[in-house]
Amino acid sequence: MRNGCTIALLVAALGAPTWAERIASAGAAVLEPASCEESWTWVSPLPQGNALTDAAFSPTAGWVAVGLGGAIVVSADGRDWATAAAGLPPDIDLHAVTWGGGRFVAVGGRKSVAGFRVPVVVTSPDGQTWTRHDPTVTRSGQMSLKVVASSGWGYAAVDESGFAWTSPDGASWSTGTQMVGVSP
């Protein structure tokens, strides 16, 4: 039954050309919804298929790349990649990542209840284990964080409305200060 369910789902997703409808119709006609698997596993492309937006390197942990849909992938050599178990929901988009102060800091956003994009920050000491530290939002507007950088004093990020955010440790963040001369 599992193969019939897979074929039926592929036919539905691909728009069902006539030949595919004939092939799947025999198996799909006898399937009940309960016969389909309730969990999904990503199989192609590996290690995942969301668009990646930025990458950072640590001399101790290797490479980390982040992207849309909460994607985080890691590599020791920049050639072989694996998905990190960050546990982020798919409504989070990560736009940038940096290494500094002994940790990776990745920034992005997610849609709020009001429909605006609000900031999201995740940190990791090794690229494998991630902790979420979303900044407190005190204003309305589009605040998805787009870039992040590290230095000897901490971290800085800029949101899509042109506000700068700062953090001494990657976990606690300022509320954002309007940057003079910067437009969204």
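Just one of (1) in a loop (DSSP other than H, G, I, E, B); (2) over 17 Å from N50 (Cβ atoms) trips up P90, so point out which.
(2)
Evaluate the following for A85: is it open to solvent by 30 Å² or more (accessible area, probe 1.4 Å), assigned to a loop (DSSP other than H, G, I, E, B), of a type in the set (A, V, I, L, M, F, W, C) and over 22 Å from V158 (Cα atoms)?
Considered against the rule, which asks whether it is open to solvent by 30 Å² or more (accessible area, probe 1.4 Å), assigned to a loop (DSSP other than H, G, I, E, B), of a type in the set (A, V, I, L, M, F, W, C) and over 22 Å from V158 (Cα atoms), A85 comes out as yes.
Here is a list of conditions, (1) touching a Ser or Thr at 6+ places or on another chain (Cβ under 7 Å); (2) outside any loop (DSSP other than H, G, I, E, B); (3) crowded, with 17+ Cβ neighbours inside 10 Å, and M143 meets all of them except one; can you say which number that is?
All conditions pass for M143, except number (2).
Would you confirm whether any residue within the range 98-115 is open to solvent by less than 10 Å² (accessible area, probe 1.4 Å), among the aromatic types (F, W, Y) and in contact with a strand residue (DSSP E or B) (Cβ under 9 Å, 6 or more places away or on another chain)?
Yes.
Please work out if S75 is more than 20 Å from L52 (Cβ to Cβ) and either buried (at least 17 other Cβ atoms within 10 Å of the Cβ) or of a type in the set (F, W, Y) (or both).
So S75 fails the test.
Can you list residue pairs whose Cβ atoms sit under 8 Å apart, with the first residue in the range 58-77 being touching a residue at least 40 places away in the same chain (Cβ under 8 Å) and the second being buried (at least 18 other Cβ atoms within 10 Å of the Cβ) and among the acidic types (D, E)? Count only pairs 6 or more apart in sequence or on different chains.
V66/D54
Only one of these is under 20 Å from D134 (Cβ atoms), out of contact with any His (no Cβ under 8 Å at 6 or more places or on another chain) and of a type in the set (D, E): D80, D93. Name it.
Selected residue: D93, the only one of D80, D93 that is under 20 Å from D134 (Cβ atoms), out of contact with any His (no Cβ under 8 Å at 6 or more places or on another chain) and of a type in the set (D, E).
Is it the case that T83 is closer than 21 Å to V66 by Cα, of a type outside the set (A, V, I, L, M, F, W, C), in contact with a Phe, Trp or Tyr (Cβ under 7 Å, 6 or more places away or on another chain) and touching a residue at least 40 places away in the same chain (Cβ under 8 Å)?
So T83 fails the test.
Among the residues in the range 146-154, are any assigned to a loop (DSSP other than H, G, I, E, B), out of contact with any Gly (no Cβ under 6 Å at 6 or more places or on another chain) and open to solvent by 60 Å² or more (accessible area, probe 1.4 Å)?
Checking the range 146-154: at least one residue is assigned to a loop (DSSP other than H, G, I, E, B), out of contact with any Gly (no Cβ under 6 Å at 6 or more places or on another chain) and open to solvent by 60 Å² or more (accessible area, probe 1.4 Å).
Among A157, A149, A84, A76, which is the only one that is over 22 Å from T175 (Cα atoms), hydrophobic (A, V, I, L, M, F, W, C) and more than 15 Å from the chain's Cα centre (by Cα)?
Just one listed residue meets the conditions, A76.
The values are calculated or read from the model by the stated rules, or taken from the named source; none is laboratory data. The structure presented is a predicted model; accordingly, all values stated were derived computationally and were not measured. Quick reminder, even Gly has a Cβ in these numbers, built from the backbone with ideal geometry, and neighbours come from all protein chains shown. Please note that ligands, DNA and RNA were not included when accessible areas were found on the heavy atoms of the full protein model with its side chains. Shrake-Rupley method; radii C 1.70, N 1.55, O 1.52, S 1.80 Å.
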